[in-house]
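Notes follow the structure.
The numbers here are math on the coordinates, done by the rules we state, and not lab data. Predicted, not measured: the structure shown is a model, and the values here were computed from it. Methodologically, a virtual Cβ is constructed for each residue, glycine included, from the backbone with ideal geometry; neighbour enumeration extends over all protein chains shown.
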């Protein structure tokens with residue numbers, strides 16, 4: 001039956017053959033468009049669109065990101081640890097009380113024979129109140145408090161560093177979505193132009209001005225554009241899902257970045273960013289705090305060579321009074337105050353190695369500081385050059401886009417007047433599309449590189 005159908009088409013007049021082919025082509029194109037539309041809708045159509053600016057995205061991320069919640073909890077822990085260290089300066093106070101049954105006392109002779117039994121008051125109890133205050137231990141408590149303060153500052157700097165990382169992550173995903181959406185717009189515009197070209201080619205084919213091959217190439221170009229659009233919309237949905245978790249939004253929303261106009265980047269001299277990095281970069285400040293902690297540890301180890309002096313006082317009540325003969329059922333009240341001196345002599349020869357270890361750790365911290373300073377300087381230099389390069393790329397890609405558009409208009413006019421072949425038209429169309437996509441990518445890359453430069457200084 002299929003062979004008969006082919007024979008019937010072959011014996012039709014040439015005009016009718018072209019009409020049948022064109023109708024079939026149009027039907028196939030419509031079916032493909034509907035299929036691609038439905039497939040794209042199945043990927044992202046279920047999602048609710050959520051439009052927001054970059055500033056709003058950063059605000060949501062700083063409020064809801066789980067990593068920041070962990071960092072804030074760590075800051076709270078360090079604050080309580082600081083308070084615990086300060087509590088060492090307070091006096092120690094202890095109260096004790098007990099009650100007991102006191103049996104009779106048996107008195108023995110020197111040969112262990114029983115001499116007599118002394119009756120005792122059987123109920124006894126004691127009350128005691130003791131207090132002590134450390135007065136001096138080589139400054140170990142003061143240094144411990146300083147270290148606790150430095151560690152609290154470290155926790156705060158770690159939170160700031162996490163904020164920088166989270167901001168950069170949000171900015172990167174946001175700009176990636178924005179780049180995809182801009183590319184989708186470019187592809188949709190080029191798809192419309194390709195459909196217009198296909199419409200003109202179809203008319204020319206009906207008038208036997210072009211061959212079937214040129215019609216097919218035009219159709220394939222549209223199909224490729226539709227497939228690329230489908231891939232990019234799918235990528236948009238994936239990136240949106242990833243970003244929604246960072247912002248604390250439902251996972252099924254489709255994030256739509258609000259349109260922003262690129263106005264260029266007002267860059268300062270490289271020295272400006274280097275100076276900013278040395279003042280504000282959290283990684284550098286954290287290493288500086290580690291150097292201070294290492295130096296304080298040296299002082300703590302040295303303080304072990306000094307004696308500990310503390311003041312103490314106490315009050316005691318004891319019943320019965322057993323120091324009298326016979327024992328009396330009365331309270332014995334006593335109190336005392338004084339100074340206590342403790343000196344561990346073995347620290348004079350044991351602690352020397354601990355001091356050497358602490359000094360070595362301080363040297364490691366100092367060398368690490370130098371390394372971090374160098375890495376930050378290298379990072380700022382690379383980010384600065386990349387940012388300046390990205391800015392220049394925008395101007396170059398804009399000129400390339402203008403040239404590609406001009407070339408497309410010229411080739412299109414020549415093709416419609418049968419002065420150019422379909423291959424030239426396809427090349428001009430592809431060049432136009434690539435130039436426009438490269439410009440879109442260059443604009444987003446310039447914004448990304450500027451934010452990367454700010455992150456390299458710790459000022460994002």
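Key figures
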| item | result |
| --- | --- |
| Residues residue 185 and residue 252, FRET efficiency given R0 of 35 Å [Cβ-Cβ distance, rounded to 0.05] | 0.90 |
| Cα radius of gyration and Dmax for segment 318-460 (Å) | 41.3, 137 |
| Volume per residue of the C-alpha convex hull in segment 99-254, rounded to whole Å³ | 340 |
| Alpha-carbon gyration tensor eigenvalues x 5, square-rooted, for segment 354-431, Å | 62, 12, 4 |
| Nitroxide proxy distance, nm - points 7 Å out along Cα→Cβ at residue 356 and residue 211 | 9.0 |
| In nm, spacing of pseudo-spin labels at residue 172 and residue 231 (7 Å Cα→C-beta vector) | 2.2 |
| Theoretical FRET efficiency, 1/(1+(r/R0)^6), r = Cβ-Cβ of residue 105 and residue 335, R0 35 Å, to 0.05 | 0.80 |
| Label point distance in nm, residue 392-residue 459, each placed 7 Å from Cα along Cα→Cβ | 2.3 |
| Efficiency of FRET between residue 382 and residue 92 - r from beta-carbon atoms, R0 51 angstrom, step 0.05 | 0.35 |
| Options (i) 20.7; (ii) 44.7; (iii) 56.6 - which one matches mean projected area of the Cα convex hull in nm² as calculated here | (ii) |
| For segment 280-367, convex hull of alpha carbons as volume per residue, Å³ | 158 |
